[in-house]
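K.L.:
I'd like to ask some things about the structure below.
The values are calculated or read from the model by the stated rules, or taken from the named source; none is laboratory data. All of these numbers come straight from a predicted model, not from anything done at the bench. Neighbour counts are summed over all protein chains in view; Cβ atoms, including those assigned to glycine, are modelled from backbone coordinates with ideal geometry. Just so you know, the surface numbers come from the protein's heavy atoms only, side chains and all, with ligands and any DNA or RNA stripped out. Shrake-Rupley method; radii C 1.70, N 1.55, O 1.52, S 1.80 Å.
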Amino acid sequence: EKTVLTNARLKQCDFSDAVLVGVNFSEAELQGCRFKKAVLNNANLEGLELLGCDFRMTKMIEANLSHANLTEVDIRGANLTKANLTAANLTTALMDMTTLDGAILRQAQAAGTHFTGSSMQGTDASRAEFVAAKLKGIRNWHSILLASTNLTGVCMAPKGFIEYARQFGPVIKKSVTI
């Protein structure tokens with residue numbers, strides 16, 4: 001049976017190592033909560049303000065994070081395979097070594113987001129904003145969908161990434177490959 005925490009007001013809660021498969025956090029307020037190494041597969045976090053939350057090494061396979069505010073959230077090492085991040089705000093989030101294979105990042109705001117070493121096989125980042133995103137060592141990028149994606153000022157993109165991206169007609173005003 002799925003856990004339902006709709007309309008919950010939770011501050012500084014520690015869900016580390018918790019198994020919350022299919023949990024429904026609809027309209028909840030989660031402020032500064034820790035989910036380190038938790039299992040949130042198929043969880044509903046749609047539209048939530050998740051400021052200050054810690055999702056390091058969390059499993060969020062097929063989770064719904066569409067329209068969620070993940071600004072400056074730490075998601076390093078998490079597994080977001082096939083997660084829905086449509087129109088999510090990932091501005092300056094730490095997503096290093098995150099698995100985003102098959103994830104949907106359509107229209108996501110990822111300005112200044114750190115994706116170092118992340119896997120993005122089959123990720124749909126169409127119409128997303130990756131302005132000044134850090135892409136050093138991203139893996140499995142040869143199948144990312146980048147239709148009309150803004151890649152202005154991306155940092156440390158792997159060799160060949162910008163050339164690959166151009167086939168989708170993204171916005172690229174300045175790119176840096178280090």
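K.L.:
Round to the nearest 10 and report in Å² the accessible area of PHE55, as given by a 1.4 Å probe over the protein chains' heavy atoms.
P.N.:
Looks like 0 Å² after rounding.
K.L.:
Moving on. Could you work out the mean projected area of the convex hull around the alpha carbons of segment 40-90, in square nanometres to one decimal? Intermediate results must be reported in sequence, preceding the final value.
P.N.:
Numbers: hull surface 11.0 nm².
One quarter of the hull surface, i.e. the mean projection, equals 2.7 nm².
K.L.:
Mind ranking THR86, THR6 by accessible surface for me, highest first, 1.4 Å probe? Intermediate results must be reported in sequence, preceding the final value.
P.N.:
Values: THR86 30, THR6 60 Å².
In descending accessible area the options line up as THR6, THR86.
K.L.:
Run the numbers for GLU29 and CYS13: contour at 0.36 nm per residue of separation, minus the present Cα-Cα distance, in nm. All intermediate terms of the calculation are to be shown ahead of the outcome.
P.N.:
Working: separation 16, 0.36 × 16 = 5.76 nm, distance 1.11 nm.
Computed gain between GLU29 and CYS13 is 4.7 nm.
K.L.:
Further question on the same structure: Suppose a student asked you for the relative contact order of the chain, using Cα pairs under 8 Å spaced at least 6 residues apart; what percent would you report? Don't skip to the answer; put the middle values down first.
P.N.:
On the way: 642 pairs, mean separation 20.2, N = 178.
With pairs under 8 Å counted, the relative contact order is 11 percent.
K.L.:
To continue, here is another question. Kindly sort SER143, SER118 by accessible area of their heavy atoms, largest first, with the probe set to 1.4 Å. List each step's numbers first, then the result.
P.N.:
Working: SER143 50, SER118 0 Å².
Most to least solvent-accessible, the answer reads SER143, SER118.
K.L.:
Here's a follow-up. With every protein chain kept in the model, how would you rank GLU49, GLU72 by accessible area, 1.4 Å probe, largest at the top?
P.N.:
GLU72, GLU49
K.L.:
For the chain, what is the mean residue ellipticity at 222 nm derived from helices alone (per DSSP H run of n ≥ 4: -39500 (n - 2.57); sum divided by total residues; nearest 500 deg cm²/dmol)? Working shown, then result.
P.N.:
Values: 1 runs with 6 residues, N = 178.
-1000 deg cm²/dmol, from helical runs alone.
K.L.:
Kirkwood Rh over Cα pairs of the chain into Stokes-Einstein at 37 °C, 0.692 mPa s: D in µm²/s?
P.N.:
Details: Rh = 15.8 Å.
Answer, rounded: 207 µm²/s.
K.L.:
Using the Kirkwood formula over every pair of different C-alpha atoms, what hydrodynamic radius in Å results for segment 34-127? The partial results should precede the final answer.
P.N.:
Working: mean 1/r = 0.0815 Å⁻¹.
After inverting the pairwise mean of 1/r, the radius is 12.3 Å.
K.L.:
Another question, if that's okay. At q = 0.15, 0.22, 0.24, 0.26 Å⁻¹, what log₁₀ I(q)/I(0) does a Debye calculation on the Cα points of segment 1-59 give, no solvent, two decimals?
P.N.:
So the normalised log intensities are -0.36, -0.81, -0.99, -1.17.
K.L.:
Now for a separate question. Work out the length of the dipole vector of the chain about its Cα centre, built from +1 on the beta-carbon of each Lys and Arg and -1 on the beta-carbon of each Asp and Glu, and round it to the nearest 20 debye.
P.N.:
Working: 19 positive and 16 negative charges, 118 e Å.
Here the chain has a charge dipole of around 560 debye.
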